[in-house]
1. Condition first: part of a strand (DSSP E or B) and at the interface with chain B (Cβ under 9 Å from one of its Cβ atoms). Now tell me which residues in segment A:61-87 satisfy that.
2. Given the criteria within 14 Å of chain B (Cβ to nearest Cβ), in a loop (DSSP other than H, G, I, E, B), farther than 16 Å from A:Asp168 by Cβ and over 15 Å from the mean Cα position of the chain (by Cα), does A:Ser58 qualify?
3. Provide a single number: the residues in segment B:129-152 that are surrounded by 13 or more Cβ atoms within 10 Å (Cβ to Cβ) and either basic (Lys, Arg) or closer than 17 Å to B:Ala115 by Cβ (or both).
4. Report yes if some residue within segment B:350-373 is out of contact with any Pro (no Cβ under 6 Å at 6 or more places or on another chain) and more than 24 Å from B:Ala264 (Cα to Cα); otherwise report no.
5. Do you know which residues across segment A:24-37 are over 17 Å from A:Lys11 (Cα atoms) and either in contact with a helix residue (DSSP H, G or I) (Cβ under 8 Å, 6 or more places away or on another chain) or crowded, with 18+ Cβ neighbours inside 10 Å (or both)?
6. Go through segment B:80-106 and report how many residues are within 18 Å of B:Ser126 (Cβ to Cβ) and part of a strand (DSSP E or B).
7. Looking at (1) in contact with a Leu (Cβ under 8 Å, 6 or more places away or on another chain); (2) free of Cβ contacts under 8 Å to residues at least 60 places away in the same chain, find the lone condition where B:Leu230 falls short.
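The values are calculated or read from the model by the stated rules, or taken from the named source; none is laboratory data. Here the structure is a predicted model, which means the values were calculated and not measured. Please note: Cβ atoms are built from the backbone with ideal geometry, for glycine as well, and neighbour counts cover all protein chains shown.
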Amino acid sequence: MPVIDARDVYKTYEGNGLPVHAVNGISLRVEKGEFTAVIGPSGCGKTTLLNMVGGLDSITSGEILIGGTRIDSMSGRQLTDFRLHRIGFVFQAYNLIPVLTARENIEFIMELQGVEAAERAVRSRELLEAVGIAEKSDIRPGKLSGGQQQRVAVARALASEPEFVLADEPTANLDSRATAELLDMMLEMNRQSGITFVFATHDQRVIDRARRVVALDDGKVVSDSAAR
Amino acid sequence: MLWHIAWRNVWRNRLRSLVIASAIAFGLLGGVFSYALMMGLANQQIRGTLRTELGNFQVHHPEYPADRDLRYALTDVDALVEEIRALPGVVGVSSRIVGTAMVSSAEGTAAVRIAGVDLEHVGEISDLAEKLVEGEYLSADERIPMLMSRETAEDLEVRLRSRVVASVVSPTGEIVYGAFRVVGLFETINSVFDGANVFVTREDLASLTGFAAGAASEVIVRVQPRDTTLEVAAAVTAAHPELLVRTWRDLSPLLQLTADFTGAFGYGFLAIILTALGFGIVNTMLMVVMERTREIGMLMALGMARARIFWMLLYETAFLSMVGGLAGIVLSVAVVGYTQRVGLNLQAWSDGFRAIGYDPIVYPESSTAFYFQVAGMVLATAFIAAIYPARRALKLLPAEAIRADT
């Protein structure tokens, strides 16, 4: 069963009285353990697609199944719960909670899930070690470099033990070295633990390392390396 | 962790939080001090009037209040006084003969209420002896002594030891005349009272008017604590249904109004200040929501339920208000406590204060319970003020909020 199964998905906005098809009939299946990059020029619909797959945005028509469960007909409350337990997010601007330390940012998600304090402490330590910044656990995001913040964001995304991680332009604000280190880390996690990553990106460094590349243009899939 | 985040969020913008907390603190100080000042004024007036003039309740012949005629007297009044004195809560009882009189000197005439007091017990129900500014209190050693206010003495252009003539309507309806010697001048906080009353001994007034032995116009009773007045008055009514028993509230509607409305007015004033502060809090929290749109969107995206986001913002507002509220209450306790100890001297407006029965030295009053109520009001204001900004936050769509510039 695919982790993500988007079937003939459309997303249409009203723009100046005219319909704008941000996503125009995309079908996409992502299997467990994939390391996939969705690429394309700005405005091609990659972020919209990720938002819909992540339950952040509604679809106009079609179906989206996550682990076999349809999410396009869920209520807002169900989607919130679904995101909390089954999807990890990494954002371009890190989006950590600035008043919490690195460790607290990771534990926060677990607390929302109702994980006990002792278990939260163990898991957050393991995750910080896994992303290589255990020594920064008690430092707030404002005092971490961009690369370190994004590592915390990855650890936070994994804290809920999700079925997959959606990463929207995760390297856009990072320099080459931090990008390389972050991607190496994610690839290692993918290889060792089988964690599924789906990126929306136009960063060539991500594209070069992705095992599967799905190219969009005008809201449609124009190429998919898995199909070749 | 929600509390934790909310508390730390309060201090993300220290300057802004301190400004709004200071506004709350000083607003509260203004409201609490105004309330304490009004309560001090009102209670001083009530205490003063009760202690000098009215007592907690009075007993009359049922017909007496209609025209305050000396014909309607209480008989065997000394026995009644002793009976009332035995009731629990009673700390003072005394009888008086009260009539209307014209007091004349060579230079003028004044229409007054003349009260013949029982020298043995009058100190139990009136502190007029402490209000003397010249001369001595009434005593059996003096012949036909009279007390009048300094104000009346000035109007009549009389001095201590001067003789004045009082014309009084007797119980039989005749006008009788009697000479009295001014032995003391008093001055209370109430210039209306001062201008309208003179005091002589019960024996002298009875002798002048032909009042029956053992009779009096009224019995004045003091009880403690003040809130047992109704209970004790009811006991007297039950024992003597043929008599008219009226509490200070019945005797002085203006005083009743003061007692009932001062507190309400103080709370109303405080509520207006808190409402104004509430708008300040709404403004601050709206700015917070606007500034943190992306962060709120991120929290939604990560799976934080909207209800939790709502509560997080509510806690944040509550913390901010509690910081200001606590500072305001501490300031208020200090300022009210200090002025309560030393008094607030408003002598510059002394004449105006005395004209309406207030002491120009005001001792603001408040209670611990009041401060708890204020704390509750601040918290309620904070929660109400937080609702609109929090609802605005909940209307954000995560996909759009994450892309916000802020």
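1. A:Ile87
2. yes
3. Residues meeting the conditions: 15.
4. The answer is yes; a qualifying residue exists.
5. Within segment A:24-37, A:Val30, A:Gly33, A:Glu34, A:Phe35, A:Thr36, A:Ala37 qualify.
6. Count: 10.
7. All conditions are met except number (1).
Table: residues versus (1) within 14 Å of another protein chain (Cβ to nearest Cβ); (2) crowded, with 23+ Cβ neighbours inside 10 Å; (3) assigned to a helix (DSSP H, G or I).
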residue: A:Pro98; (1), (2), (3): yes, no, no
residue: A:Glu107; (1), (2), (3): yes, yes, yes
residue: A:Glu111; (1), (2), (3): yes, no, yes
residue: A:Ser124; (1), (2), (3): yes, yes, yes
residue: A:Ala153; (1), (2), (3): yes, yes, yes
residue: A:Glu161; (1), (2), (3): yes, no, no
residue: A:Asn190; (1), (2), (3): no, no, yes
